[in-house]
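Just below is one structure, and these are the notes that go with it.
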Amino acid sequence: MAEKVALNYALMIEQVKSRGYSNEEILEALNKGNIDFFREFGKGLPDWETLFSYFHDKKEKVEQLLRGNYEIAFLTKGTLKRYLLFKFGLAEGKDFKDKGEVLGVFMLSREDYQALSKNIAKNWIITNVEEDKNNVQFTIELQFKPVL
């Protein structure tokens, strides 16, 4: 079963991975306490020291996070868009449209689609799924709509 993690830890890790760094390189920097390695990626969420504290308290969770074995506890629409950009390189306006309570249409490889399905917070659902031999096309919809 995937570990539930706070969004900020997932985003920080995916931000570093999106620049091409391997799990091993990230883990090595965490083990050595090399905060400068992370500072080249900006401020962090809220800061890189928070990730180091989390790593020292919950090393196994961070290792699962690096392997992609996690579920984000909750995502706002803005943070979902940021996650999609860091994790899959999907940019609003280029790769999908924001239609209010629905984002789409997305196209991912089967492997990336499976990762997204496992990692996405339960306040969002994947809908309108169409698969071909190599790819999956779908939308992402807000699960619990606000009552007006």
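Where a number appears in this text, it was derived from the coordinates with a stated rule and is not lab data. On a predicted model such as this, the values are computed, not experimentally measured, just so you know. We place every Cβ from the backbone using ideal geometry, glycine too, and count neighbours over all the protein chains shown.
In table form, for the structure just shown:
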| item | result |
| --- | --- |
| Packing-based order for 112-118, 133-139, 81-87, using average beta carbon neighbours within 10 Å, highest first | 81-87, 112-118, 133-139 |
| Around residue 24: net Lys/Arg minus Asp/Glu count, Cβ-Cβ under 15 Å | +2 |
| Sum of -39500 (n - 2.57) over DSSP H runs of 4+, divided by residues of the chain (222 nm, nearest 500) | -13000 deg cm²/dmol |
| Amide proton proximity set for residue 75, modelled H, under 5 Å, gap of 5+ | 123 |
| Ordering of 102-109, 53-60, 25-32 by packing [mean C-beta count within 10 Å, highest first] | 102-109, 25-32, 53-60 |
| (1) 207, 23, 9; (2) 45, 41, 31; (3) 65, 35, 30, with the label sought being that of the calculated Cα extents along the principal axes in Å | (2) |
| Alpha carbon centroid spacing (whole Å) that separates region 62-87 from region 16-57 | 15 Å |
| Full-extension gain in nm, residue 23 to residue 74, via 0.36 nm per residue minus C-alpha separation | 16.0 nm |
| Pairwise label distance in nanometres, residue 129 with residue 64, each label 7 Å out on the Cα-Cβ vector | 2.2 nm |
| Three-way shape call for region 3-71 based on the alpha-carbon gyration tensor, with the a/c threshold at 1.5 | rounded |
| Residue pairs, from the table 4/133; 43/122; 97/118, whose Cα atoms sit over 25 Å apart | 4/133; 43/122 |
| Table column - 3J(HN,Hα) (Hz), region 71-80, Karplus curve with 6.51, -1.76, 1.60, x for Gly and Pro | 10, 6, 5, 7, 9, 7, 4, x, 6, 4 |
